[in-house]
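The values are calculated or read from the model by the stated rules, or taken from the named source; none is laboratory data. Quantities reported herein were computed from a predicted structural model and do not represent experimental measurements. Here the Cβ is made from the backbone with ideal geometry for all residues, glycine too, and neighbour counts use every protein chain on show.
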Amino acid sequence: IDKIRLFDVDFVNSKFSEFAKVMEKHVLQKEKAYVVTGNPQIMVETFKSKSYKGCIEDATYVTADGIGVILASKILTKKSFPERITGFDLMLHLLEFANRKKKKVYLLGAEEFVLNRAIHNIKMKYPDIKLVGSHHGFFSIKNDGEKIANEISQLKPDLTFVALGAPKQETWISTYFSIFESGVFIGVGGSLDVLAG
Ligand code: UDP
């Protein structure tokens, strides 16, 4: 998949549909992947913290999520991304795919009541998804990050949506990515709040 290098990071340079197919292939072939949906907030965090920058560099793919990233690329590299690939759109596409293929999904993030409402809505709309587990997002990575990762590792979801916001979601994924045997992990920011309605 073609990339554009911007702010010292390689961003996926493809249409949404092409990238969505790549994600589907990862799921079907049980190949691990870690996806950062890069928005300006994430980029700013990489400027502030070297260790967080490392978390972004660990990603299998970084997509151009924000309009700010698209504009910055036009100005700084003279190259244009064909379109945005947002965490929310990716999540909707992959929920639909998981429903069709009866795949296993895990949800991590948001406040407990928001998460429960999102779960309710997902079960209504995507009845064939195997929702294997969930955990709210207000835990400390230092105290409980590993415990949650071990639980997920046992459950072996095909897709894990990590909605902890930046920088927490990328920090958690990159810290524990090596313990997972399989699965696609995507940082999706405030998407569970939207799905909760
Ligand atoms: N969140 C969380 N744990 C935290 C901090 C935030 O689960 O420790 C959740 C928060 O409830 C919200 C999401 O992470 O659902 C962050 O949303 P935001 O809109 O800030 O993220 P963005 O989409 O801008 O990255």
Checklist entry - Quick one: how many residues across region 143-183 are within 11 Å of the ligand (Cβ to nearest atom), part of a loop (DSSP other than H, G, I, E, B) and on the phi < 0 side of the Ramachandran plot? => result 3
Checklist entry - Out of all the residues in region 39-95, which are farther than 22 Å from Ser182 by Cα and β-branched (Val, Ile, Thr)? => result Ile42, Val44, Thr46, Ile67, Val69, Ile70, Ile75, Thr77, Ile85, Thr86
Next on the checklist: I need every pair where a residue in region 169-197 that is under 21 Å from Phe19 (Cβ atoms) has its Cβ under 8 Å from the Cβ of a residue that is of a type in the set (S, T, N, Q) and within 12 Å of the ligand (Cβ to nearest atom), sequence separation at least 6 or different chains.
Outcome noted: Ile186/Thr37; Gly187/Thr37; Gly187/Gln169; Val188/Thr37; Val188/Gln169; Gly189/Thr37; Gly189/Asn39; Gly189/Gln169
Checklist entry - So which of Val184, Val105, Val162 is touching a His at 6+ places or on another chain (Cβ under 8 Å), at pLDDT 95 or above and closer than 22 Å to Val36 by Cα? => result Val184
Item to check | Sole residue being of a type outside the set (Phe, Trp, Tyr), surrounded by fewer than 14 Cβ atoms within 10 Å (Cβ to Cβ), in contact with a strand residue (DSSP E or B) (Cβ under 7 Å, 6 or more places away or on another chain) and within 25 Å of Ser17 (Cα to Cα), chosen from Lys102, Lys78 | outcome: Lys102
Checklist entry - From Phe113, Phe139, which residue is within 12 Å of the ligand (Cβ to nearest atom), of a type outside the set (A, V, I, L, M) and either part of a loop (DSSP other than H, G, I, E, B) or under 14 Å from the mean Cα position of the chain (by Cα) (or both)? => result Phe139
Checklist entry - Among the residues of region 136-149, is there at least one that is of a type in the set (Asp, Glu), more than 21 Å from Lys30 (Cβ to Cβ) and buried (at least 16 other Cβ atoms within 10 Å of the Cβ)? => result no
